[in-house]
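Quick notes on the structure that follows.
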Amino acid sequence: MDRCIVLVDAGYLLGAAASLLAGEPSRSRITVDHTALIQGLRERAESDTERPLLRIYWFDGAPDRVPQPEHRRLRVMPRVTVRLGALTRSDGRWAQKGVDAAMHAELTELARNRACSDVVLVTGDGDLLPGMMAAKEHGVAVHLWAVQAADGDYNQSEDLVAEADERRVLDRTWITKAVRAKELGGICAPAPVPRPEIAAILSAPLPESALSSGTERPTDEGEHAPAAPASENGSEQRVPAPKGVPTPKDLAALRAPGVQPAQPPTTATLRWSSDKGWVDRPGGASEPPEAASMPTLAQLTTAEQRWADREEDITTVGGDPFEVGQVFARRWMERLGDQGHLQKLSAMYPRIPHRIDGELLRYAARFGLLAHKDDQIDEHDRYAIRAGFWREIDVRTATEHAPADE
């Protein structure tokens, strides 16, 4: 059959792209436009092979082989078939299991059944060498594509390269049409501007007990560290954590009975940064009573809306952290019966109530924003998620948040 088929090892393609663009192979460091990537693969394959595309097979790993949001978006695209292997963790590292075997089986079966005349392999693993040789014996031309290596060297098996009929390199120019590195401040958030309340937080003294211990307190010692508040345009100013930066627990202790701070306590509102979704910690800076009465998005969502949300997440929401925060806030606001909650929430800026913030981060985790190395959302992504949330709130309420101590 005069058709071409593309077999993609997603772990290789996206890992190599992350190394090229972000300096490390962690896929959490890049943002992928899967629609543009699939279209680019199709056009390049049809151009190189001079054959029409039959199908793109996307091989990837997933925990317990459960499709992740990116897999659900991919498998509803035209001419795309997703095959999942297992994603297991060993010695603190994630590893794919069964992906190479699945690619080998698919390659040999397609060649044996003469389903195509040309196969494009986007992989670097030498384990596919027997499958490549078998495909050639069945009269299939094998095209091997590599992602440009960050150091200019090879990132593919030498035997695999030697056995291929045709070889191509997907260079930086091609890759950046669909993949980009995440910036430290959140890739879609506007440029940050300073806010005075963060300076007030950093200048607050530690409790005497902490000062007398003679030890340095890290910014996140089991407690949530204070995150830099969002600016008026929805962005956030990330401030390097100096030695002895007080945690929310420290600042709460300054207000405790019998504690006399060395200077008047700051009135800056704190927002707690979350690690593994949401942990409601007792004590510390308390929330206003009206926060407990605010409904969550789950409480406001009907079964029909939940189904529609899922379809929208799969087909239209790209998964960028800033965009995820906006989508969540938009849905929450549209379904509020009592708009008084919206004004109360706006007055709590920049701290999102625990219940809503936890639900927001759990929603974001569904878009593959969990960093595989530690099973938590990257702190820069958390800032961008909340910046998107507040931007959408500001648009609806026409509010420009002033510093909390003004």
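With the structure loaded, tell me whether Asp100 is over 21 Å from Ala141 (Cα atoms), crowded, with 16+ Cβ neighbours inside 10 Å and acidic (Asp, Glu) or whether it fails that test.
Working: over 21 Å from Ala141 (Cα atoms): no; crowded, with 16+ Cβ neighbours inside 10 Å: yes; acidic (Asp, Glu): yes.
In short, no.
Here Arg255 passes the criteria (1) among the charged types (D, E, K, R); (2) surrounded by 17 or more Cβ atoms within 10 Å (Cβ to Cβ); (3) more than 30 Å from Arg29 (Cβ to Cβ); (4) modelled with pLDDT under 70 except the one numbered (2).
Among the residues in segment 136-149, are any of a type in the set (Gly, Ala, Ser), touching a Ser or Thr at 6+ places or on another chain (Cβ under 7 Å) and at pLDDT 95 or above? Outline the logic, then answer.
Our first condition is that a residue be of a type in the set (Gly, Ala, Ser); within segment 136-149, this holds for 139, 141, 146, 149.
Still in the running and touching a Ser or Thr at 6+ places or on another chain (Cβ under 7 Å): 141.
Okay, now just the ones that are also at pLDDT 95 or above, so 141.
There is at least one residue in segment 136-149 that is of a type in the set (Gly, Ala, Ser), touching a Ser or Thr at 6+ places or on another chain (Cβ under 7 Å) and at pLDDT 95 or above.
To keep it simple, each residue is scored yes or no on (1) crowded, with 16+ Cβ neighbours inside 10 Å; (2) in contact with a His (Cβ under 8 Å, 6 or more places away or on another chain); (3) outside the structural domain of Ala16 (by TED's automatic domain parsing); (4) polar (S, T, N, Q).
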position: Asp125; (1), (2), (3), (4): yes, no, no, no
position: Pro130; (1), (2), (3), (4): no, yes, no, no
position: Ala150; (1), (2), (3), (4): yes, no, no, no
position: Asn155; (1), (2), (3), (4): yes, no, no, yes
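Taking every residue in segment 53-70 that is assigned by TED's automatic domain parsing to the domain that holds Ala102 and under 16 Å from Lys97 (Cβ atoms) and pairing it with any residue that is of a type in the set (A, V, I, L, M, F, W, C) and modelled with pLDDT under 85, at least 6 positions away or on another chain, the pairs with Cβ-Cβ distances below 6 Å are Gly61/Leu87; Ala62/Leu87; Pro63/Leu87.
Of all residues in segment 97-108, those that are farther than 17 Å from Arg55 by Cβ have Cβ atoms under 8 Å from Cβ atoms of residues that are among the aromatic types (Phe, Trp, Tyr), 6 or more apart or on another chain, in Val99/Phe59.
Within segment 286-335, the set of residues being among the β-branched types (Val, Ile, Thr), under 25 Å from Asp381 (Cα atoms) and at pLDDT 85 or above comprises Thr296, Val324, Val327. Of all the residues in segment 1-38, those that are over 19 Å from Glu323 (Cα atoms) and either crowded, with 21+ Cβ neighbours inside 10 Å or touching a residue at least 12 places away in the same chain (Cβ under 8 Å) (or both) number 26.
The values are calculated or read from the model by the stated rules, or taken from the named source; none is laboratory data. These numbers were taken from a predicted model, which means no experiment stands behind them. Quick reminder, even Gly has a Cβ in these numbers, built from the backbone with ideal geometry, and neighbours come from all protein chains shown.
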